[in-house]
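Since the structure comes first, as structure tokens, the remarks are kept for the end.
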Amino acid sequence: LRSYAAAHRQLGLSVRHEQGLRRNNRAENSHQPVRRRERKMQGFPSAGSAQRFLSMHAAVQNTFYLQRHLITRPTLQLFRTEAAEAWQTATAAA
């Protein structure tokens, strides 16, 4: 940004600020989850409805999402069966 130089002078910083293509990747990569959430929320009419959907979606996804590379196939099948049973119980009660 053009304002970097003025802010740099005002703060009295002596280290040269590197500007240019891909110089700010570390900072931008740390914001990727926030950007991903913002993109998902664009399709919703309001922030409240997006929050309601995403909070429910997170609970359901955490039930079914497993890091498959960390467990064996039989263990995955057992977890999936237990998750499906829990889902059936939860939806039958509602």
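Laboratory data are not the source of any read-out in this text; all were calculated from the coordinates shown. Since the model is a prediction, treat every value here as computed from it, not as a measurement. Every residue, glycine among them, receives a Cβ derived from its backbone with ideal geometry; neighbour counts consider all protein chains shown.
Can you give the Rg to Rh ratio for the chain, taking only C-alpha atoms and Rh from Kirkwood?
Result for the chain is an Rg/Rh of 1.24.
Please build a GNM for the chain, connecting alpha carbons under 10 Å apart, and tell me which residue among Leu13, Leu21, Leu78 fluctuates the most.
Greatest mean-square fluctuation among the candidates belongs to Leu13.
Give, as a single signed number, the net charge of other residues whose beta carbon lies under 10 Å from the beta carbon of Leu54, with Lys and Arg counted +1 and Asp and Glu -1. Write down the numbers at each step before the final one.
Details: positive: Arg37, Lys40, Arg52; negative: none.
Taking every other residue near Leu54 into account, the sum is +3.
Grab the DSSP H runs of the chain that are 4 residues or longer, score each as -39,500 (n - 2.57), total them, divide by all residues and round the 222 nm result to the nearest 500 deg cm²/dmol.
On the way: 5 runs with 64 residues, N = 94.
That comes out to -21500 deg cm²/dmol.
Could you work out the local net charge near Arg9, counting Lys and Arg as +1, Asp and Glu as -1, over the other residues with Cβ closer than 14 Å to its Cβ?
So the environment of Arg9 carries a net charge of +2.
Let's see if you can work this out: charge +1 on each Lys and Arg Cβ, -1 on each Asp and Glu Cβ, no other charges. What is the dipole magnitude of the chain about its Cα centre, in debye to the nearest 20?
So the dipole magnitude of the chain works out to roughly 560 debye.
Within a Cβ distance under 15 Å of Pro33, other residues only, what is the Lys/Arg minus Asp/Glu net charge?
Values: positive: Arg26, Arg35, Arg36, Arg37, Arg39, Lys40; negative: Glu28, Glu38.
Net charge in that neighbourhood comes out at +4.
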